[in-house]
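Below is one structure, written out as structure tokens, with a few remarks after it.
The values are calculated or read from the model by the stated rules, or taken from the named source; none is laboratory data. This is a predicted model, so every value here is computed, not measured. Glycine also receives a Cβ, built like all others from the backbone with ideal geometry; neighbour counts cover every protein chain displayed. Ligands, DNA and RNA are stripped out before the accessible areas are found, and what is left, the full protein with its side chains, is counted by its heavy atoms. Shrake-Rupley method; radii C 1.70, N 1.55, O 1.52, S 1.80 Å.
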Amino acid sequence: MGYLSNYFNDFVETSKRKKSVYQLRLELATDEIPTSEPTPSTETNDTSMKNEDLFNLENQTSTLNGSSSVSITNGGGGGGTSKGLKKCLNVTDLLAFGVGSIIGAGIFVLTGYAAHEKAGPAIVISYLVAGICCGLSGLCYAEFASRIPCSGSTYSYSYIMVGELVAWIVGWDLTLEYMIASASVGRGWSGYLGSIINSSGGKLPHPIAPVYLADGFSVDIIAFLSIMILSLIIAMGMKESARFNKIFVVIKVAIIIFVIVLGSVYADASNWDNFVPYGTKGIFNAAAITFFAYLGFDGVCNVAEEVENPQRDLPIGILGSLGISTVLYIGTAGVLTLLVPYHLIDVEAPLSVAFDNIGLKWASIIVAIGAFAGLTTAQLGGLISQPRLYYSLSRDGLLPKWFGKIHPRFKTPFNATMFTGVCCATIALFVNIDILADMVSIGTLLSFTLVSTCVLILRYPTPRTISESTARFPVNKFPLFLQSSATLVPIIVVLAAITSLGYVKSLHWAVILVFGFIGVLFSSIPFFFTETPETILSSSKKIFLCPLVPFIPILSIWANMYLMVSLSWGTWVRLIVWLFIGLLIYVFYGRKNSKLGREQQQIPEDDCGSNLMEMNKLETTTLGDSKNSCSINKNNNENNNNNNNNNEKNNLDSDDGDNENSGNSSSGGIPLPSTDVLDDDTFPDDPNINKNEISTKKSEKQPLSPNIKSTTPKQKTPSSLSPSTLSPRIKQTISNIKDHFDLNNNNNSNNNNNNKFETLDSTD
């Protein structure tokens, strides 16, 4: 039991470790994580998370995201090129990618079902409500995408703000969502291609047409081939994929506009006489369905590392694509309900049947082509997003390095792209679309909730004590855990889920009233929080800031929880099983191979230079009030035999020599990113450090590794580290070094006294 208890405690502590923005800056510049970087905090209650570092990130990435700011040479020298993803996307590419991922065949099918079964002509309001709810999450995504322009989307954001285990869980879940979404769209793509051929009077030949196997299963060669062809296009280059995507987006949008204009000519306003046949509840029930038609905009964040100007273009790409999609959805829904009375709308092919009824059979072929183009771009979005998520997971050591290999010519995650294509194509080859559709969306809603949570944690750091609370009265008198957004938000999530479940399942009104009232009370607490000076605005003012915080993130959390509990129980069961598999992978692979975990154990016992390099960074917080740097030298035994003056001289020489060793110790492929380090007042203080017990000072400058040629301005890096974040091995090493220094000091003192006595004897 003792072993299990220790293992569990160790697992909990290591799963809390968070990636620092210092490391992220280095990844964006060099595609490497240095082992000499200070070990990040493993405490989840340290939600201040060096918030000013997040706000300084845009100052760094504005340079790093330009043309090659850091070059890495291999081996003997010579110029090299960055091993990262190629920056080639502009704002037009992002808008096309967002619209292409959001608008699929659902605009031609889902609209008819929601209008016929749920809302009637009020479906236009449902689309508006769904667009606003999705926009709440979009605003949160836009802020983080602007602050942290890296691949991985929600996974990368939560790794910095929440911790490794939560980040892995949401990343693992999103891999399932992207895979299933691409497979289901591949099945739909095959179906619409068949409908276009059948409408033209042709017929699919027997080897290519789907072959029935059993309930829910059939062999669909067209779906398999479509996914593999698109995967090859994506693997051959991001710019080429963007051009291919824009062609189909233009076709799709042009056909939608044609449908809206043509339908308006034959519109009958009397079909809107009974505008809200299912009441207000029907509008919101339809909004819960149409909300899923907006999913896909988060894929824009996954290509952040390939954007030329991410801080400007990513928010435009996310919010712009949502706005364009909302207008097109509302226009299509309005025309459909004006063409046909809501109760006569065909659920399977609403627009095609509507045009057939007014004698425009040729228009149904155009609608099928539009749906075909929509499915192509939606399929492309999922196949682009998933490999970049694999790439981020692999870069952090949570998946094998094979997934993170960048093709030297195409500058894409080639292995991850082809692996994604094979997996999705295999699923689409055998599984029908109705089974696949039930497994999509819950993971996306989970990631939406987590991003909204991260915005609150970013804006409102946790106070270390009640006296340091910045909350206004009366919240500043509450217990400390109620003044922490990291502990308050989970309470809000649970209360929102119970309240929403009571409404969806029509439970007793008392359940809805009681839990809803308590949830509103807890949700009102963040409105009494105040942002610290470091979190209000960035000095450069280049980043996008989510407005109306905390109102928008909290409202987003409530909306997402309502939609999550409205999904079927089978979806929840499949999610739990998939997450359990992911947890096993993390326990037996990811936790042991995590780069952050390896950094905590990487002080070689027999490497004096490496020990000194770590001590130069750690001495200010572990050795307390010492005013002079301690140094290690192989000639300590010789120094003990010299007189006091010679000892001082040798100590100065050893300081210089050790500093050179510490710089050279990184020459074996460990880059030191900058010639400067941050002053102590650059970051907010670590809440785990007692100012009265530990004093800090400026660290000595670290020389630039000879393997790195930096053309960027001098950057600042952290100079202090909390002792509570150190691994046991590092703490033991520090203790041994301190004992070694104490022993040497005693020996020096005895030798000096002996020298004095010898001098007196010789004088006598």
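Which trypsin sites (Lys or Arg not before Pro) in segment 176-251 pass both tests, a DSSP loop state and at most 16 other beta-carbon atoms within 10 Å?
For trypsin sites (Lys or Arg not before Pro) across segment 176-251 that sit outside H, G, I, E and B with at most 16 neighbouring Cβ atoms in 10 Å, the list reads K203.
Would you please give the FRET efficiency between L232 and K477, computed as 1/(1 + (r/R0)^6) with r the Cβ-Cβ distance and R0 = 41 Å, to the nearest 0.05?
Efficiency computed from Cβ-Cβ geometry: 0.05.
Over segment 328-409, with the other protein chains present, what is the accessible area per residue in square angstrom, probe 1.4 angstrom?
33
Accessible area of segment 380-506 with a 1.4 Å probe: how many percent of it is carbon plus sulfur?
70
Students often check this: by mean Cβ neighbours within 10 Å, which of 373-383, 411-421, 206-216 ranks highest, and how do the rest follow?
So the peptides 373-383, 411-421, 206-216, ranked by packing, come out 373-383, 411-421, 206-216.
Taking the mean number of other Cβ atoms within 10 Å as a proxy for protection, how do you rank 400-407, 6-13, 572-579 from highest to lowest?
400-407, 572-579, 6-13
With just the Cα atoms defining each centre, how far is segment 197-247 from segment 470-510? Give it in Å.
Centre-to-centre distance over Cα atoms comes out at 47 Å.
Test of understanding: what is the full-extension gain from K239 to K405, defined as 0.36 nm times their sequence separation minus their Cα-Cα distance?
My answer for the length gained is 57.9 nm.
Can you tell me, using C-alpha contacts under 8 Å and at least 6 residues apart, the relative contact order of segment 331-372 as a whole percent?
After rounding, I find 27 percent.
So if I take the centroid of the Cα atoms in segment 265-329 and the same for segment 94-123, what is the distance between those two points in Å?
8
Given a Förster distance of 30 Å, report the FRET efficiency between W362 and A269 from their Cβ-Cβ distance, rounded to the nearest 0.05.
Approximately 0.75, to the nearest 0.05.
Using the alpha-carbon centroid of each, what span in Å lies between segment 346-421 and segment 538-581?
Spelled out, the Cα-based centre of one part sits 23 Å from the other.
So, for segment 151-283, what is the accessible surface per residue at a probe of 1.4 Å, expressed in square angstrom?
About 42 Å² of surface per residue is accessible.
Rounded to the nearest 0.05, what FRET efficiency do F217 and W509 give with R0 = 60 Å and r taken as the Cβ-Cβ distance? Could you check?
0.85
If amide hydrogens are placed 1.01 Å from N in the peptide plane, which non-local residues have theirs closer than 5 Å to the one on V431?
HN-HN under 5 Å from V431: S218.
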